[in-house]
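S.K.: Next up is a structure, given as structure tokens.
The values are calculated or read from the model by the stated rules, or taken from the named source; none is laboratory data. Computed from a predicted model, the values in this text were never measured in an experiment. Cβ atoms come from the backbone with ideal geometry, glycine included; neighbour counts cover every protein chain shown.
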């Protein structure tokens, strides 16, 4: 079941959902709009290796925007820091973003119960497009969970994305054993 606006507000009030900064105007009927931070990153290497720590170069979106190019993955980050302690957060792109040919995630649209951080976005586009800091980029939708949670994400020793950040985080696949 998806949480309604009233239930999102109730869980914010009770501390089971945290959104910082929170703006009541960003609350939809059953979602909350999140915004693109000024920080982006791109990988330095053309060929990425899943077994190594691929380094990134930081970009800062200037006031007049930044033109994204097709064929490149841009790591972005939400302005909003979020926590969810009883629900599963899903991040989806806004339809207005999709209509500009922008995807905000390749595979990582679902968070875990206990995820406490900003959201790194895997941004790609189908044609050149200019983006701006603070533009609405996505919406968080919260799903209820059936059953008791054994271990929240932020308490797992194997959780790779726990360090609070305001910048996008590159893939940590290299930390897995395979």
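S.K.: Considering the range 93-111 alone, what residues qualify as being buried (at least 17 other Cβ atoms within 10 Å of the Cβ), without any contact (Cβ under 8 Å) to a residue 60 or more places away in the chain and over 9 Å from the mean Cα position of the chain (by Cα)?
M.R.: Once the filter is applied, which keeps residues that are buried (at least 17 other Cβ atoms within 10 Å of the Cβ), without any contact (Cβ under 8 Å) to a residue 60 or more places away in the chain and over 9 Å from the mean Cα position of the chain (by Cα), the range 93-111 yields 93, 97, 102.
S.K.: In addition: If you take the residues in the range 114-124 that are surrounded by fewer than 20 Cβ atoms within 10 Å (Cβ to Cβ) and in contact with a strand residue (DSSP E or B) (Cβ under 6 Å, 6 or more places away or on another chain), which one is nearest to residue 78 (Cα to Cα)?
M.R.: 116
S.K.: Consider residue 59 carefully, then state whether it is part of a strand (DSSP E or B), under 21 Å from residue 163 (Cα atoms) and within 14 Å of the chain's Cα centre (by Cα).
M.R.: Here the answer is no, as residue 59 does not meet what is asked.
S.K.: Against the condition at positive phi and modelled with pLDDT of 95 or more, how does residue 76 come out, does it pass?
M.R.: No: the conditions fail for residue 76.
S.K.: Of everything in the range 127-148, what is more than 20 Å from the chain's Cα centre (by Cα) and either part of a helix (DSSP H, G or I) or in contact (Cβ under 8 Å) with a residue 60 or more places away in the chain (or both)? Give them in sequence order.
M.R.: Scanning the range 127-148 gives a single hit, 128.
S.K.: Go through (1) assigned to a strand (DSSP E or B); (2) in contact (Cβ under 8 Å) with a residue 24 or more places away in the chain; (3) surrounded by 15 or more Cβ atoms within 10 Å (Cβ to Cβ) one by one and return the number of the condition residue 67 breaks.
M.R.: Unmet for residue 67, out of (1) assigned to a strand (DSSP E or B); (2) in contact (Cβ under 8 Å) with a residue 24 or more places away in the chain; (3) surrounded by 15 or more Cβ atoms within 10 Å (Cβ to Cβ): (3).
S.K.: Ok, one more. Test of understanding: among 158, 171, which residue is part of a loop (DSSP other than H, G, I, E, B), farther than 25 Å from residue 25 by Cα and in contact (Cβ under 8 Å) with a residue 60 or more places away in the chain?
M.R.: 171
S.K.: Looking at (1) touching a residue at least 12 places away in the same chain (Cβ under 8 Å); (2) within 16 Å of residue 140 (Cα to Cα); (3) surrounded by 12 or more Cβ atoms within 10 Å (Cβ to Cβ), which one does residue 73 not meet, given that it meets all the others?
M.R.: (2)
S.K.: Among the residues of the range 12-27, how many are surrounded by 14 or more Cβ atoms within 10 Å (Cβ to Cβ) and either within 14 Å of residue 140 (Cα to Cα) or modelled with pLDDT under 95 (or both)?
M.R.: 7
S.K.: Looking at 73, 19, 8, which one is within 18 Å of residue 135 (Cβ to Cβ) and within 20 Å of the chain's Cα centre (by Cα)?
M.R.: Selected residue: 19, the only one of 73, 19, 8 that is within 18 Å of residue 135 (Cβ to Cβ) and within 20 Å of the chain's Cα centre (by Cα).
S.K.: Are there any pairs with C-beta distances below 6 angstrom linking a residue in the range 21-32 that is under 11 Å from residue 6 (Cα atoms) to a residue that is assigned to a loop (DSSP other than H, G, I, E, B), with the two at least 6 apart or on different chains, and if so which?
M.R.: Partner pairs satisfying both residue conditions: 30/4.
S.K.: Would you pick out the residues in the range 115-126 that are under 30 Å from residue 86 (Cα atoms) and outside any strand (DSSP E or B)?
M.R.: Within the range 115-126, 115, 118, 119 qualify.
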